[in-house]
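Scroll down for the structure; my scribbles are underneath it.
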Amino acid sequence: MGKEGKPSPLDMFMKQQEDCDRPACEDTVNALNSALSRLNMKSGGDEKKSVKAKVECPPSKSLLGDSSWNLLHSMVAWYPDRPTIEQQTKMKNFMEALAMFYPCSYCAADFQENQKKSPVKTETREDLCIWLCEQHNLVNEKLGKKLFKCDLKTLDERWRKSSDPDCNK
Ligand SMILES: Cc1cc2nc3c(=O)[nH]c(=O)nc-3n(C[C@H](O)[C@H](O)[C@H](O)COP(=O)(O)OP(=O)(O)OC[C@H]3O[C@@H](n4cnc5c(N)ncnc54)[C@H](O)[C@@H]3O)c2cc1C
């Protein structure tokens, strides 16, 4: 424990190891590595400046879409296999709110319409992952993009745990 009974950064790091197959863990490791390389730079007197990636302000529709799908597919990949009623309700509300507030008006209107035709399936993780994949495929089809194979094994390989370094084919 750190000061005043608060968990120290090390306590927090160790706690996160329980979740270590999730994306959050990778970020922790990245954060530690970049802190270490900053220390190395200081001690070695190396004045190398880090190169920042160019940021789009505001994000383009494509960047926003890609970031949104990344969040959505990752989130449902870690949804419980047997969710409680409360978890199911919260997930349903989340998808409906996203379709209401998504900041591309015609994308939002179509997502709302598609949820009316095919309401979000929250009873199991598999149901939800496949439902989201099919929703994404509706947009892919509209944009003339390749359709994704919507079975849990393929989705988990892409979004949860990949054994293939070239997983995003
Ligand atoms: C709710 C929503 C509605 C949208 N509606 C529109 C729209 O109406 N018009 C428009 O121009 N853009 C829309 N977009 C944005 C669009 O879907 C893409 O995000 C954007 O064109 C960038 O495409 P991308 O090629 O980077 O890959 P994205 O389509 O963003 O996909 C990201 C990654 O997801 C994976 N993937 C692809 N399909 C699936 C799937 N079915 N299941 C699981 N994983 C998959 C692939 O590995 C891909 O690399 C919408 C985005 C969202 C979140």
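The values are calculated or read from the model by the stated rules, or taken from the named source; none is laboratory data. Quantities reported herein were computed from a predicted structural model and do not represent experimental measurements. With ideal geometry, Cβ positions are generated from the backbone for all residues, glycine too; neighbour counts draw on all protein chains shown.
Every residue in segment 158-169 that is modelled with pLDDT of 95 or more and within 11 Å of the ligand (Cβ to nearest atom), please.
Arg158, Trp159
Might you let me know whether segment 126-142 holds any residue that is without any contact (Cβ under 8 Å) to a residue 60 or more places away in the chain, more than 18 Å from Ser68 (Cα to Cα) and within 11 Å of the ligand (Cβ to nearest atom)? No: zero hits. Any residue that is touching a residue at least 24 places away in the same chain (Cβ under 8 Å), of a type in the set (Gly, Ala, Ser) and either under 20 Å from Arg22 (Cα atoms) or touching a strand residue (DSSP E or B) at 6+ places or on another chain (Cβ under 7 Å) (or both) - is there at least one of those in segment 157-169? No; the residues of segment 157-169 include none that is touching a residue at least 24 places away in the same chain (Cβ under 8 Å), of a type in the set (Gly, Ala, Ser) and either under 20 Å from Arg22 (Cα atoms) or touching a strand residue (DSSP E or B) at 6+ places or on another chain (Cβ under 7 Å) (or both). Quick check on segment 44-55. Is at least one of its residues assigned to a helix (DSSP H, G or I) and modelled with pLDDT under 95? Yes, segment 44-55 contains a residue that is assigned to a helix (DSSP H, G or I) and modelled with pLDDT under 95.
In summary, helices (runs of 4 or more DSSP H) completely within segment 83-166 and bearing 1 or more residues that are more than 20 Å from the chain's Cα centre (by Cα) and surrounded by 15 or more Cβ atoms within 10 Å (Cβ to Cβ) occur at 105-117.
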